[in-house]
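The values are calculated or read from the model by the stated rules, or taken from the named source; none is laboratory data. As the structure is a computational prediction, the values presented were derived from the model and not from experiment. Please note: Cβ atoms are built from the backbone with ideal geometry, for glycine as well, and neighbour counts cover all protein chains shown.
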Amino acid sequence: MAPPSDDSGPLGAAEAGAISKVLIVIAMQTEALPLVNRFRLVEAAAQESIFPKGAPWIRYHGEYKGLHIDLVWPGKDPVLGVDCVGTVSAALVTYASIRSLKPDLIINAGTAGGFKAKGAVIGDVFLASDVAFHDRRIPIPVFDMYGIGARKTFATPNILKELNLKVGKLSTGDSLDMPPHDESAILSNDATIKDMEGASVAYVADMLSTPAIFVKAVTDIADGEKPTAEEFLQNLIAVTAALDKAVTEVVDFVSGKCISDL
Ligand code: ADE
């Protein structure tokens, strides 16, 4: 076990030793299942649920290469039967999971739209350096900055050195499409990728002093010619394989390391 680092911040027990608990937060079942299989996770039984009764959230857990992995997915809307994507479910499930599981590290993994003007192509996997919101417009001084909620993600220079991931800023909003006012906010966030969860997961992780990283695979080109929903659905399965590979590489890298080694 490595000695504690001198510059330790207000982090959990892993600051002093090897990372033991990793929480993966994923919005869609299609994105989650390959990782559930890869890490041989099992679904938590109802009687061991850490979530409130009535919440559709789902947790898988297991041991992988010396790590305890929990993977949480907000589940399906009980009325409409579709994945509970977006910031509200992501923040809630992240909050409940951190409170109960006290992870050493959070990996928010998922798909994203990419901007070709910033060099993104379909199938790229990014590690987000920064996150911000693009649909919380509050044009009053200081509230405007609160709405945007820009923050740096937990820095992982050694992961970046070791793995073949692109780096870019992530902008989050509750819509798949991109009306002009979102586009200009995303531009002003200097984002290369856009998703529907990242900044909300980051908000909760920061609030609860838990390091979080954001692994996002590009399914569609937000500044391209094709209709976003069509391109997203067309590429979802293939790009999920790239996401699965990248998250596995990240988890393999994390195994046996301290937070300060990342
Ligand atoms: N996830 C995948 N593609 C996306 C997009 N274009 N916008 C938001 N979230 C996404």
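Quick notes on this one:
- The residues listed here are LEU92, LEU80; of these, the one that is loosely packed, with under 11 Cβ neighbours inside 10 Å, aliphatic (A, V, I, L, M), free of Cβ contacts under 8 Å to residues at least 40 places away in the same chain and outside any strand (DSSP E or B) is LEU80.
- Checked against the criteria, ILE140 does not count as within 24 Å of VAL72 (Cα to Cα) and more than 13 Å from the ligand (Cβ to nearest atom).
- Any hit, segment 81-94, residues being within 16 Å of the ligand (Cβ to nearest atom), under 30 Å from LYS257 (Cβ atoms), modelled with pLDDT of 95 or more and among the aliphatic types (A, V, I, L, M): yes
- Only one of the listed residues (GLY198, GLY256) is under 26 Å from LYS65 (Cβ atoms) and surrounded by fewer than 15 Cβ atoms within 10 Å (Cβ to Cβ). That residue is GLY256.
- Restricting segment 34-43 to residues that are of a type outside the set (S, T, N, Q) and surrounded by fewer than 17 Cβ atoms within 10 Å (Cβ to Cβ), the residue that is nearest to ALA112 (Cα to Cα): ARG38
- Hey, VAL247 touching an Asp or Glu at 6+ places or on another chain (Cβ under 7 Å) and either free of Cβ contacts under 8 Å to residues at least 24 places away in the same chain or crowded, with 21+ Cβ neighbours inside 10 Å (or both) or not: no
- Strands (runs of 3 or more DSSP E) wholly inside segment 164-228 containing at least 2 residues that are more than 9 Å from the ligand (Cβ to nearest atom) and touching a residue at least 60 places away in the same chain (Cβ under 8 Å): 212-221
- When segment 141-163 is filtered for residues that are among the charged types (D, E, K, R) and in contact (Cβ under 8 Å) with a residue 40 or more places away in the chain, the ones remaining, listed by number, are ARG151, GLU162.
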